[in-house]
Amino acid sequence: MENPSVSIKHLDLEFGSVKVLKDLNLDIGQGEFLVLLGASGCGKSTLLNCIAGLLDVSDGQIFINDKNVTWEQPSERGIGMVFQSYALYPQMTVRGNLTFGLKNAKMPKDEIETRVKRAAEILQIEPLLQRKPAALSGGQRQRVAIGRALVRDVDVFLFDEPLSNLDAKLRADLRVELKVLHERLKNTMIYVTHDQIEAMTLADRIAIMKDGLIQQLDSPQEIYNRPVNKYVADFIGSPAMNFFEGEVADGKFINGDMSIDLSRYDFLDESVKSSAWFGIRPEHILVNEDAPFSTNAHVDIVEPMGSDTLVWTKINGIPFRFRMDGQASVATGDDLKIGFDPKRASLFDKTTELRL
Amino acid sequence: MAQTGRPTQLFRNMSAKIAAIPMVLTALVVFVGATLWTVYHSFTKSKLLPNSKLVGLDQYERLWSQNRWLISIENLAIYGICSMIFSLVIGFLLAAMLDQKIRFENTFRSIFLYPFALSFIVTGLVWQWILNPEFGIQKIIRSLGFEEFVFDPLYNPDIVIYGVLIAGLWQGTGLIMCLMLAGLRGIDEDIWKAARVDGIPMWKTYVFIIIPMMRAVFITTLVIIASGIVKVYDLVVAQTSGGPGIASEVPAKYVYDYMFKNQNLGQGFAASTMMLLSVLVIVIPWAYLEFKGERSRG
Amino acid sequence: MADTSATNSETTTMVGPRGRKPKRALSPRNIMLYGTLIVIAMYYLLPLYVMVVTSLKGMPEIRLGNVFSPPVEITFEPWVKAWSEACTGLNCDGLSRGFWNSVRIMVPSVAISILIASVNGYALANWRFKGANIFFTILIFGAFIPYQVMIYPIVIILREMGLYTKLGGLVIVHTVFGMPILTLLFRNYFSSVPEELFKAARVDGAGFWGIYFRIMLPMSLPIFVVAIILQVTGIWNDFLFGVIYTKPENYPMTVQLNNIVNSVQGVKEYNVNMAATLLTGLVPLFVYFVSGKLFVRGIAAGAVKG
Amino acid sequence: MKLKTLAAALMLTAGIPLAAQATDLEVTHWWTSGGEAAAVAEFAKAFNDGGDKWVDGAIAGSGGVARPIIISRIIGGDPMGATQLNHGRQAEELVEAGLMLDLTEIAEAEGWRDLVNPVRLLDGCTVDGKIYCVPVNIHSPQWLWLSHEAYEKAGVAVPANWDEFVASAPKLREAGIVPLAMGQQSWQTQLAFDTMMVAVGGIDLYKSILSDKDAKAAASAEATAVFEAYAAARSLSEGSNVQDWNQATNMVITAKAGGQIMGDWAQGEFQVANQVAGEDYTCLPGLGVNEVIATGGDAFYFPKNDDPEITAAQKRMASQMISKEVQVAFNLKKGSLPIRGDVDLTAANDCMKKGLKILADGNILPDGVNVQSADTQGQIQDLMVEFWNSTDITAADAQKRYVAIIEDAD
């Protein structure tokens, strides 16, 4: 990548004998919105804290705008950060929160004023400037927290699960606002979350992390369509992907007496022959339609969700779920014909769990 | 359902009310009743036994003309203000130092806190011994060659109250440190991170962000220190007996001496009423603020 | 973009700062920090050290040396004397009598005061009833009232109850004066217990006492330990109430300590005094060092929230 | 239980005298120094020999510490069997409140009025013509105790009066000896002041101020002289950093100090230290100037009790305390003078004999403790101890405040 905004090279982090990050490399482009996604304990927040300089790395380097900041103080790295708990200074007004860091850096008064005005205008918090955080709603607080990063006028924004403390509706609203904000500011943003919807909707690229390693770094589409390993495939998508265990041989996937023709599947390596996992997303199932592969299914449970309906069945004795239109009339006990296009499926090696 | 007989107001929460009886009795009989009794009798000419011969403000007039009382008040003020300031400052500094992710934190904390487990009698006796000019610090410094060195706070009327203060701080700051440390630990990690990202130096973070956030802790702590200052009787009795002369007298001792030793209950009651009054002057504004705050919060 | 975590960084050589920011163990900050801590720790340890060395010296050595010099010849004589021989007046059975008196005073006082205050704090936190806050406010104000204001009326109250100079009277006094701080402690702690838990128990039909014994008590071990520590040390260390509300045969250890130290027969025996002082301090010190961690944890849970 | 009743019944039928009925009596007092404790042991021994049991309730510290405890117990409805109190004003209100046992009956039966010498002691016990306490000894505060060893070291003769004492002080200083030992407790400074009033101001001044509460006398030039002498004495005690009187006495015994103004109870300490009057130490009554002594003293009161057995035992103790043998044994140990004129005190030492002689000559004064109220005493003590310890206060200031206290005295 030419001129990355943030570049992380061979990063190691140990707490005592526990390795939290392992030889991690990551380049983030100018103006990119990168989401670090993973289950709790995967090291995503740790990585963010390392970038911010809030944690000392054990080995490796961090560059921000081509400047080696590995040993720099957080405030000297040209970053702004937004925290899950907002971390607003409770005894100061909103204005105080926004200006405290700037005043401390001995910035001229009118410059501070300009910046606060701009941030307040962007985030629409002008009426709140004289209030204290305790008198704000969760969403307002989060805006102020963003504002505090904004007034720093930096190139890189770091978000540490900023929406986790909000209720579902507010979270959706703010998500959009964040997206708008990014469109407007065109800053580099690194965003940590465990919520895949946030990741999918916001990210230019998502880095899925597990055990201190980046599993896959790609655009949301790519990650959704072509997960590099079974973990990613399982993690992304809700409801989760269906999996069958079986053998891949002669262009076919065989599970017991079921055989799926894989001629339409994009193999990385055509000649492969091994035990494998076969995965297909519930939303890629076709019902009562012609499909390259189809079978009969007996409906066990129906979960109507309004926009769509989740149906549980068994294929070859293995629990299997698929998604139908919200208006579909289906009931427990029905027998359906279901099928899918193997082109949309994913195959993973049984032992390495890597994509085939 | 509506007809099942709603319990009357009195019997609602009956168990809770029964459980609160000791509190109600203590509050009414001891704290209110006993206090009023004492206040009333401070206007009487009670000597060895309480009586009801009212004499108006005579006892108070006499009280404020007593040199010993004035010295006691002055001592309490010095001791009170100094111990509030020093134990808050020292306690907070110690807590802040222990909060720097240091090694042996537990050891240090145990060392700072153990004197709190000891009584004022023990504290007073030990410090009396250490400050003894013939055996203690003064002698050691002198034996190092500084023959003229003088450090005898317990024998110098001008500074004796500071000698008591040294012992009092030794005993009490550990607890303050613990309270402060707990308060510091209760602060959201993210606040620290935010301050670091904002580039705010550590001391400024403490002064402008952390300390204001610990307002509740500071108030609790002040309450604890204040009630400790009220108790400053045992310590003086054990360490100096009010001496040299009457230089380290405190109001509590004045009260006790007049009530029992000098057999002038009225005078003792008057002095204790004055103590009560000065406590109220401090407590009422604080309580007013506290409760007002609570109402707007709730 | 298909390649996963690989970047072009392999080609660039690793220049500039890398890895952990080097920190010298003896950085000025650390020297300041640990230096200050050690100096202060010495200030705090000094009196304990002085007590121990003085109590192990003979009188001639004390007269010659200073309070800080370690004993040349260690003798346990002062300890034996302080425990079983030191005299107050004609009673030459040392501190041992006071020790057992203190135990007899402390055990019921601690148990009763904590029991009452915990139930009380629980009632205040979870069963708010009309007027409760008024009494609670009075109670907290009570903590500020100088004891001296109430000493005399309490003598009268106890006399009327026939408990003056009896152990029972002293237990009442300790319960009364321990109530404000303990109630505050328990009220704050119980307030921090999730409301849902309490509601769930009520829905399950548990009453006042049922919830207290089956839900609150098992959850509040730390705060009970704190309360026990506060009360054990407080009551053990009490002097004023012990001297006023008991008679000599019931004197607690602190009062006896004061008596022994103050009844000078001939020369002041500093070594015996210090041994006696240490003996008196041993019980709370023991309690403290055994439960040190819980003590701090409990304070964090209860006291600070106020 | 049954066995006990049976035993009691048997004893009664056997005609064992009532006295043998063992009753426990708790006795509170503040005699805890070496000499004092030894003296108390004599009382205890006598009482125990009589078949009863003396339960010792010693309260350490000075009377100032012990009195409140004693009084609050009496008022608090948990009276002890007997208690030491200075007779006179201290117990007045307790007696008036009807809390003390009336001893008039045995006093008349045993003829105390004839026994007690001087009879004034009994007056202190008398309220409205009834006797409520047993005086047990005569104590006189007006003594100067001098260490022979200290003067030997300094190379001066042992002074024979206060003026010589003051004159010899620089020599003692040179030898590294504190001229005047003084405990820091306030009553000690007051005692020294009262004593100097007798010595410097004269007997009449003393009487008019203390007994008659004459404020004019307190403001007089004679009194000013006393204050000046007292102010001068302050500097003599520099370096005497002790609290208790017996520690100060100990400084004299060990020749760390030249002398001490203290009551005759100091003698007990000399005795415990095996010092011999006239050889190791010298005592000067009235500071060697005016050889008079105030006849203060200790007395025992017996708080009223509902239990007739205890009342009986109290009366037994009262008559024992005043008996000849006990008086001799007790006072020899205590270093005080017996309250009866008819006892044989051949065993008495030099100092005691001096005291007895003065007593016999009738050169006696009332003691402050017996004529002033505790309140007045407390105020004077506060003044004196403050004055003694802070050289900022001039003699004139102190006198002014003293006059004010005497004016208000009740």
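If each of C:R20 and A:T352 carries a label point 7 Å out from its Cα toward its Cβ, how far apart are those two points in nm?
That separation, rounded to one decimal, is 3.5 nm.
Set the Förster radius R0 to 60 Å, insert the Cβ-Cβ distance between D:K153 and C:V39 as r into 1/(1 + (r/R0)^6), and round the FRET efficiency to 0.05.
The value I calculate is 0.85.
Kindly point out which whole DSSP H helices in chain C project their C-alpha atoms 18 angstrom or further along the helix axis while averaging a Kyte-Doolittle hydropathy of 0.5 or above.
Those that clear 18 Å and a mean of 0.5 are C:28-55, C:96-126, C:147-161, C:167-192, C:221-237, C:270-301.
For chain B, build the charge dipole from Cβ charges (+1 Lys, Arg; -1 Asp, Glu) around the Cα centre, then report which of B:L222, B:H41, B:A19 sits farthest towards its positive end.
Looking along the dipole axis, the top candidate is B:A19.
Return the Rg/Rh ratio of the range A:76-172 with Cα-based radii and a Kirkwood Rh.
0.95
Determine one quarter of the surface area of the Cα convex hull of the range C:145-260, which equals its mean projected area, and express it in nm² to one decimal.
9.2
Shielding of B:279-285 by partners, i.e. mean partner chain Cβ atoms within 10 Å per residue?
Across B:279-285, the average partner-chain Cβ count within 10 Å equals 2.
Given the Cα-Cα distance of B:K204 and B:A216 and 0.36 nm per residue of separation, how much length would full extension add, in nm?
Full extension from B:K204 to B:A216 adds 2.4 nm.
What does the average come to when, for each residue of peptide A:16-26, you count the partner chain Cβ atoms lying within 10 Å of its Cβ?
The mean count of partner-chain Cβ atoms within 10 Å per residue comes to 1.
Please state the Cα pair-distance histogram of the range D:183-280 with 5 angstrom bins from zero: what percent is in each bin?
3, 12, 21, 20, 15, 14, 9, 4, 1, 0
Where in chain B are the DSSP H helices whose alpha-carbon span along the long axis reaches 20 Å or more and whose Kyte-Doolittle mean is at least 0.0?
TM-like helix candidates: B:67-98, B:160-185, B:215-230, B:265-297.
Roughly how tilted is helix A:109-123, in degrees to the nearest 10 and between 0 and 90, from the longest Cα axis of chain A?
Helix A:109-123 sits roughly 30 degrees off the main axis of chain A.
Using the Karplus curve 6.51 cos²θ - 1.76 cosθ + 1.60 with θ = phi - 60°, what ³J(HN,Hα) values do you get for each residue of the range A:261-270, in whole Hz, with x for Gly and Pro?
Working through the residues one at a time gives 7, 9, 5, 8, 7, 7, 6, 6, 9, 5 Hz.
Could you list, in their original order, any pairs among A:K22/A:K273; A:K210/A:K350; A:K230/A:K314; A:K19/A:K106; B:K47/D:K353 whose Cα atoms are separated by more than 28 Å?
Table pairs above 28 Å Cα-Cα are A:K22/A:K273; A:K19/A:K106; B:K47/D:K353.
Counting other C-beta atoms within 10 Å, which of B:Y114, D:Y281 has the fewest, and how do the rest follow?
Listed from fewest to most nearby Cβ atoms, that is B:Y114, D:Y281.
Could you list C:L26, D:L122 so that the one with the fewest beta carbons within 10 Å of its beta carbon is first and the one with the most is last?
Lowest count first: C:L26, D:L122.
Just to be sure I understand: with springs between alpha-carbon atoms less than 10 Å apart, which residue in D:A294, D:A22, D:A229 has the highest mean-square fluctuation in the Gaussian network model of chain D?
D:A22
So for chain D, averaging the separation of alpha carbon pairs under 8 Å that are six or more residues apart and normalising by length, what relative contact order in percent results?
Relative contact order comes out at 26 percent.
Under 19 Å from a point 7 Å along the Cα-to-Cβ line of B:D188: which residues of the range B:202-230 have their amide N that close?
Taking a point 7 Å out along Cα→Cβ of B:D188, the residues of the range B:202-230 whose backbone N falls under 19 Å are B:205-217.
Report the convex hull volume per residue for chain D, counting only C-alpha atoms, in Å³.
139
Among the Cys residues of the protein assembly as shown, which have no other cysteine Cβ under 4.7 angstrom away?
Result for the protein assembly as shown is A:C42, A:C50, B:C82, B:C178, no neighbouring Cys Cβ within the cutoff.
Please list 3J(HN,Hα) in residue order for the range D:237-247, calculated via the Karplus relation 6.51 cos²θ - 1.76 cosθ + 1.60 where θ = phi - 60°; whole Hz, with x for glycine and proline.
Residue by residue, the range D:237-247 yields 9, 4, x, 9, 9, 10, 9, 7, 4, 6, 5 Hz.
Defining a contact as two alpha carbons under 8 Å apart and six or more residues distant in sequence, what relative contact order in percent does chain A show?
Dividing the mean separation by the residue count of chain A yields 16 percent.
For chain A, give the magnitude of the charge dipole about the Cα centre (Cβ charges: +1 Lys/Arg, -1 Asp/Glu; no others), in debye to the nearest 20.
1520
So, R0 is 30 Å and r is the distance between the beta-carbons of A:S275 and A:D66; what FRET efficiency does that work out to, to 0.05?
Efficiency for this residue pair is about 0.05.
Mind listing the long-range amide H neighbours of C:Y251? Cut-off is under 5 Å, sequence gap 5 or more, other chains count too, H placed in the peptide plane at 1.01 Å from N.
The answer is none.
Report the longest stretch of chain C that contains none of the trypsin sites (Lys or Arg not before Pro) sitting in a DSSP loop with at most 12 other Cβ atoms within 10 Å.
Of all site-free stretches, the longest is C:131-306.
Once the Cα atoms of helix D:374-389 and of chain D are each reduced to a long axis, what angle between those two axes, in degrees from 0 to 90 to the nearest 10, is obtained?
For D:374-389 against chain D, the angle is about 30 degrees.
Considering the alpha-carbon set of the protein assembly as shown alone, what are its Rg and its Dmax in angstrom?
For the protein assembly as shown, the Cα radius of gyration and maximum Cα-Cα distance read 42.4, 142 Å.
For the cross-link pairs D:K171/D:K357; D:K130/D:K354; D:K334/D:K357, which exceed 26 Å when the distance is taken from alpha carbon to alpha carbon?
Going by Cα-Cα distance, D:K171/D:K357; D:K130/D:K354 fall outside the 26 Å limit.
Can you run phi through the Karplus equation (6.51, -1.76, 1.60; θ = phi - 60°) for the range D:149-156 and list ³J(HN,Hα) in whole Hz, with x for Gly and Pro?
Each residue of the range D:149-156 in turn: 4, 4, 6, 4, 4, 7, x, 10 Hz.
For A:K186, which lysines qualify as cross-link partners when the Cα separation must be under 22 Å and same-chain residues fewer than eight apart are set aside?
Those lysines meeting the cut-off are A:K67, A:K117.
What share of Cα pairs, in percent, lie more than 20 angstrom apart in the range A:232-349?
41
Take a quick pass over chain C and tell me how many lysine pairs come in under 17 angstrom between Cα atoms, counting only ones 8 or more apart or on separate chains.
Eligible lysine pairs with Cα atoms under 17 Å apart amount to 4.
Quantify how strongly other chains surround peptide B:150-162 by giving the mean number of their Cβ atoms within 10 Å of each of its Cβ atoms.
Taking the mean over all residues of the peptide, I get 1.
Which pairs, out of D:K53/D:K315; A:K132/B:K204; D:K213/D:K315, put more than 24 Å between their alpha-carbon atoms?
D:K213/D:K315
What is the list of residues in the range A:81-100 whose amide nitrogen lies under 14 Å from a point 7 angstrom out from the Cα of A:L185, following Cα to Cβ?
A:81-83, A:98
Translational D (Stokes-Einstein, µm²/s) of the range D:131-254 at 10 °C and 1.306 mPa s when Rh comes from the Kirkwood sum over C-alpha pairs?
The estimated diffusion coefficient comes to 100 µm²/s.
Order the peptides A:15-25, B:203-213 from the highest to the lowest mean number of other Cβ atoms within 10 Å of their residues.
B:203-213, A:15-25
Which value, in debye to the nearest 20, describes the size of the charge dipole of the range A:228-356 about its Cα centre when Lys and Arg Cβ atoms bear +1, Asp and Glu Cβ atoms bear -1, and nothing else is charged?
Dipole magnitude for the range A:228-356 comes out near 200 debye.
List the pair-distance distribution P(r) of chain A, using every Cα-Cα distance, as the percent of pairs falling in each 20 Å bin from 0 up to the bin containing the longest distance, rounded to whole percents.
26, 47, 24, 3
Report, by chain and number, residues whose modeled amide H sits under 5 Å from the one on C:G19, excluding near sequence neighbours (fewer than 5 apart, same chain).
The list, which skips near neighbours in sequence, is A:G60, A:Q61.
Where in the range D:280-306 does the label zone of D:D24 land, with the point 7 angstrom along Cα→C-beta and an amide N cut-off under 20 Å?
Only D:302-306 pass the distance filter.
About the Cα centre, and with charges only on the beta carbon of Lys, Arg (+1) and Asp, Glu (-1), how big is the dipole of the protein assembly as shown? Nearest 20 debye, please.
I would put it at about 2540 debye.
Label-point separation (nm) for B:N51 and A:R344, each offset 7 Å from Cα along Cα-to-Cβ?
10.6
Starting from the amide H of D:Y281, placed 1.01 Å from N in the peptide plane, find each other amide H under 5 Å away whose residue is 5 or more places distant or on another chain.
So D:Y281 has HN proximity to D:H148, D:V276.
Which order results if B:F120, A:F340, B:F149 are arranged by neighbouring Cβ count within 10 Å, fewest first?
Starting with the residue having the fewest Cβ neighbours, the order is B:F149, A:F340, B:F120.
With r defined as the distance between the Cβ atoms of A:A249 and A:D290 and R0 fixed at 25 Å, what FRET efficiency is calculated, to the nearest 0.05?
0.45
Any idea how far apart C:D204 and A:I301 come out in nm if each label point goes 7 Å out from Cα toward Cβ?
2.7
Coordinate-derived values only; no laboratory data. If you're wondering where the values come from, they're calculated on a predicted model, not measured in any experiment. Positions of Cβ are generated from backbone atoms using ideal geometry, with glycine treated the same way; all protein chains shown enter the neighbour counts.
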